[in-house]
Structures are given as structure tokens and as C-alpha cells.
Amino acid sequence: ILKVLVIDLRKLGAQADVQQRAKGQPEEAIKLEGAGRVMRKCLAQELRDDDNEHHQLRTYGALHVANQCQRVFFALNTLKHVKSLVLPPGLSVQEFPASDRVTWHYFQGRMALMESRFDQAEQDLSFAFNNCPQGHVANRRRILSYLVPVRLLLHQAKPSPTRRAALPTQALLERYKLPEFEGIVDAFRSGNVQKFKESLEEHADFFVQRSIYVLLHKLTLCVYRTLFKKAHAVVGKSQVKLEVLVAAVRAVGGGADPEQVECMLANLIHQGLVKGYIAHKQQTVVLKKEDPFRTFG
């Protein structure tokens, strides 16, 4: 009964706010916020009840209530409250039904992504995706829309063959109807800077709606890294003229000058993604002979 009540409470709060905005009274659209407060009190009371045993907590649906609270917090963009949803030390998420665990990890993964805790985000979102039933295509698609950028960001932080293998395939994106990521992932793999920028802007509304636009924009540096790595392979020397890298950027349709390329290289070197140094007077980047484009095991 409690599960049905909190779901209805959340939906009614959201519908009431929609009606208030339709009447031109946005200041009165606070019903969902009020519903969230009621659910938080309900959850706090359950977790504070010393008479409840673990199996009773499961019956009362404590994690389900917590998940409904998370839905409200994300809908209202009051993410600071998500951190307050902490289960008691003696109570494990694993004790609850699979559906509630999937939802819990999904929202926790999204929160970790917003805080740039990418390893934790991947762990939570991977759990949610792997344990979400195959038939729930819409839910799996929703999880993937956050898991894909997480894996791209992790590969940028620590490029490795394992991370590269974890990047989504074209078939996976087509299966779950995520064309917004097709150009992004392809450009990320190939180092096509111009295609990456165009894909990012083409689907900007989709990415902004999911609060991942800024995170994806950070991947631009890694796309340059891939392009520079290919240019280095063609030259076959540890010393590469900046004009060669400028030509590589222009070859994929991007606009660049030596100053911009030098800035990109400086950032890559600073972040440890490229090993070497820039000889400014000679307009040359001097790369280490062993693994100059750093990879991690």
C-alpha cells in the first residue's frame, strides 16, 4: 500500500504543478516539492523505527520510498538532498527487491556523474543496466544515455585498450535508438574533431536536457589526442612539427592555427595524456620514444 501511495503522491504533485503553471501561476507550482517533504518524513520514520526488523523494512518498501524521493529531487534539481538518502549501516541495498536496487543504483550513478566521480558512476550505472530486464527497453535506453558518457570520460582520464573496448558499439546505439551518440562515439574513436563538434551541437538539446552537455564538451581534448596520435604514427618520428598537427586538424574539416594546436598539446601534456614537451622556438613537439600517448594497463 505504501508503495502505491508514494507513487500517487509524486504523480499528483507533478500534475498539480503543471496545472498551476498552465494557469499562469508558476509561484504556486510547489506541490511536488511538498510531496517530496512528505516522502522524506515517511522514509525517516521507517528508518528510525527500532522495532522494525530488516524483513519488515523490505515489506514497508523503504528503498522504494527512497527512490521516489530521488525522482523528486532530480525533477526539482535539488540534488543536494540526494546525499541525505543514506541507509543505516546495518542495512544493505542488496536486501531489497531487484527492481528497487536497479532504480537506486541508476539515480546514485547519475549523482556520481554530476559530481565527476566517474568510477563510482560507472559501477552504479553498469549495475543498473546489467540488472534491468531485457524487455524494459525504455529503461535500459535511459540508463545507457548516462553510461555512454561515463565510459567516454573514463577513457579520456585513463586511455587503455580495456576502456576502449568498453565504448559502445554502433549496433548497441542502434538497438536502443540513441542516434545522438553515434557521431560522438565515432568521432571520439577516429579523432575527427570537426565531426565531434558538429554532433555535439546538433544534439545539444538532448544533452542539455540530461545535464551531460558540459561533460561531453570536455571530451574535445581527448579527440584531439586521438588525432595527434594518428599524425604521429604517420610521421614515425619523436619530433613532430606543429604545422603537421595543424594540417591534420584541417584535414578533418577543423579550423586551427599553430597557437591553438600548441595550446591543446600543452593541456594534454599537463594532464599526463601525452608524454613530451613543446619546443616553442622550433615550433615542434618532442615526444618520448616509448608510449608517448600514454596508455594505462
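The values are calculated or read from the model by the stated rules, or taken from the named source; none is laboratory data. Small disclaimer: the values here were computed from a predicted structure and weren't measured. We place every Cβ from the backbone using ideal geometry, glycine too, and count neighbours over all the protein chains shown. Each accessible area value is taken on the protein alone, full model and side chains, heavy atoms only, with ligands, DNA and RNA left out. Shrake-Rupley method; radii C 1.70, N 1.55, O 1.52, S 1.80 Å.
Restricting the search to segment 241-269, which residues are crowded, with 19+ Cβ neighbours inside 10 Å and touching a Ser or Thr at 6+ places or on another chain (Cβ under 7 Å)?
The answer is LEU242, and nothing else.
When only residues in segment 112-141 that are polar (S, T, N, Q) and within 12 Å of the chain's Cα centre (by Cα) count, which is most open to solvent (accessible area, probe 1.4 Å)?
Checking each candidate, the answer is GLN123.
Across segment 22-43, which residue is modelled with the lowest pLDDT among those that are among the hydrophobic types (A, V, I, L, M, F, W, C) and in contact with an Asp or Glu (Cβ under 6 Å, 6 or more places away or on another chain)?
Only one residue fits best here, namely ALA29.
Restricting attention to segment 199-240, which residues are closer than 20 Å to LEU268 by Cα, among the small types (Gly, Ala, Ser) and buried (at least 16 other Cβ atoms within 10 Å of the Cβ)?
Within segment 199-240, just ALA231 meets the criteria.
Keeping to segment 142-163, report how many residues are open to solvent by 70 Å² or more (accessible area, probe 1.4 Å) and either within 25 Å of THR78 (Cα to Cα) or part of a helix (DSSP H, G or I) (or both).
Looking only at segment 142-163, we keep the residues that are open to solvent by 70 Å² or more (accessible area, probe 1.4 Å), and these are 142, 158, 161-162.
Those still in the list that are either within 25 Å of THR78 (Cα to Cα) or part of a helix (DSSP H, G or I) (or both) too: 142, 161-162.
Here the count works out to 3.
Confirm whether VAL261 is assigned to a strand (DSSP E or B) and not charged (D, E, K, R).
no
In segment 275-284, which residues are farther than 14 Å from ARG294 by Cα and open to solvent by less than 100 Å² (accessible area, probe 1.4 Å)?
ILE278, ALA279, GLN283, THR284
Can you give me the number of residues within segment 1-31 that are open to solvent by less than 80 Å² (accessible area, probe 1.4 Å) and hydrophobic (A, V, I, L, M, F, W, C)?
Residues that pass the stated criteria total 7.
Do you know which of the residues in segment 219-254 that are assigned to a helix (DSSP H, G or I) and charged (D, E, K, R) is farthest from the chain's Cα centre (by Cα)?
GLU243
Taking GLY272 as meeting all but one of (1) open to solvent by 50 Å² or more (accessible area, probe 1.4 Å); (2) assigned to a loop (DSSP other than H, G, I, E, B), write down the number of the exception.
The single condition GLY272 does not satisfy is (1).
Is there any pair with a first residue in segment 205-218 that is within 17 Å of LYS195 (Cβ to Cβ) and in a loop (DSSP other than H, G, I, E, B) and a second that is aromatic (Phe, Trp, Tyr) and open to solvent by less than 30 Å² (accessible area, probe 1.4 Å) whose Cβ atoms are under 8 Å apart and which are 6 or more apart or on different chains, and what are they?
Between residues of segment 205-218 that are within 17 Å of LYS195 (Cβ to Cβ) and in a loop (DSSP other than H, G, I, E, B) and residues that are aromatic (Phe, Trp, Tyr) and open to solvent by less than 30 Å² (accessible area, probe 1.4 Å), there is no close pair.
List the residue pairs whose Cβ atoms are under 7 Å apart, where the first residue sits in segment 73-84 and is at pLDDT 80 or above, the second is open to solvent by less than 60 Å² (accessible area, probe 1.4 Å) and of a type in the set (Val, Ile, Thr), and the two are 6 or more positions apart or on different chains.
Sorted first by the residue in segment 73-84, then by its partner, the pairs are PHE73/VAL82.
With modelled with pLDDT of 75 or more and touching a Lys or Arg at 6+ places or on another chain (Cβ under 6 Å) as the only criterion, which of ALA16, ALA66 stands out?
Among ALA16, ALA66, only ALA16 is modelled with pLDDT of 75 or more and touching a Lys or Arg at 6+ places or on another chain (Cβ under 6 Å).
Scan segment 164-198 for residues that are in a helix (DSSP H, G or I), open to solvent by less than 30 Å² (accessible area, probe 1.4 Å) and either aliphatic (A, V, I, L, M) or over 22 Å from SER126 (Cβ atoms) (or both) and jot them down.
Of everything in segment 164-198, those that are in a helix (DSSP H, G or I), open to solvent by less than 30 Å² (accessible area, probe 1.4 Å) and either aliphatic (A, V, I, L, M) or over 22 Å from SER126 (Cβ atoms) (or both) turn out to be LEU173, GLY183, ILE184, VAL185, ALA187, VAL193, PHE196.
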